[in-house]
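Down below is the structure, laid out as structure tokens.
The values are calculated or read from the model by the stated rules, or taken from the named source; none is laboratory data. Please read all numbers here as calculations on a predicted model, not as lab measurements. Cβ sites come from the backbone with ideal geometry, for glycine too, and all protein chains shown count toward neighbours.
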Amino acid sequence: VRVRQAIAYACDIPGWIQAIVGGQGFLTGPIAPPFTNWALQESALKYHAQNLTEAKKLLDAAAIAPSSITVKSLSIGNVPTYIATAVQMQADLKQLGIDVQIEPGTQTDYTSRLFVTKEFDVVNGQDFSPDDPDRLYDRMHSKGSGNYSGFANAEVDSLLQQQRETLDLTTRKDLVKRAQEIIVRDVPTFYTFVPWSFGFTHSLSNWRESAIVGNNVRWNARNAWISG
């Protein structure tokens, strides 16, 4: 955990936002801020502000020299933003003394070399934010089918199980908040930033927004078509 925290502390995420998307993005945790019922407040997020001093303290506490760490990073395909995040991470961790080796990969590399032979330590990429917290169960519960990091935390397991059995919204929000705070703290996945998205509806007919509260970044356009 301390090594993951140190790596996260070494990354300058506001700098990434400026360099990769020209400042058009915002910090995020496990659930993106636009999903207002469930997202953590920005004040609850950790490690986004680069702090090399804290990173070094964590590695010292773990009795690990930064120069002894080599991180193999897989970036899927030739997506510019994926490669860019890997390059930014490489530059940031170099300041700490950690070597990051970047390899652009294919979907086959992702499924075989990452999951089967486990040749990579990090995947630099992008994912969809859950619009319902129960989707965190699949990713972060120790028995979740999408738990690719192998994260296992008994308290998170219990909180994710409880929230899916809870009907009271206030209670469920608290359970989800507590689960996310642990996930953010332990960094099985380092949630960095979300690029701004823009929707243009001029000349579109039958455009429908999602009915999910706070789900403004996900659209239901299955029945939309360009008119005129």
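Residues are listed down the side, and each one gets a yes or a no for (1) touching a strand residue (DSSP E or B) at 6+ places or on another chain (Cβ under 8 Å); (2) among the aliphatic types (A, V, I, L, M); (3) outside any loop (DSSP other than H, G, I, E, B):
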{"position": "VAL116", "(1), (2), (3)": "no, yes, no"}
{"position": "SER129", "(1), (2), (3)": "yes, no, no"}
{"position": "PHE151", "(1), (2), (3)": "no, no, no"}
{"position": "LEU160", "(1), (2), (3)": "no, yes, yes"}
{"position": "VAL176", "(1), (2), (3)": "no, yes, yes"}
{"position": "GLN180", "(1), (2), (3)": "no, no, yes"}
{"position": "PHE190", "(1), (2), (3)": "no, no, no"}
{"position": "VAL194", "(1), (2), (3)": "yes, yes, yes"}
Using beta carbons and a limit of 6 Å, which pairs, at least six apart or on different chains, have the first residue in region 165-176 and in contact (Cβ under 8 Å) with a residue 60 or more places away in the chain and the second one in a loop (DSSP other than H, G, I, E, B)? VAL176/TRP38; VAL176/PRO133
For PHE190, indicate whether it is within 27 Å of ILE13 (Cβ to Cβ), in contact with a helix residue (DSSP H, G or I) (Cβ under 6 Å, 6 or more places away or on another chain), modelled with pLDDT under 95 and among the hydrophobic types (A, V, I, L, M, F, W, C). no
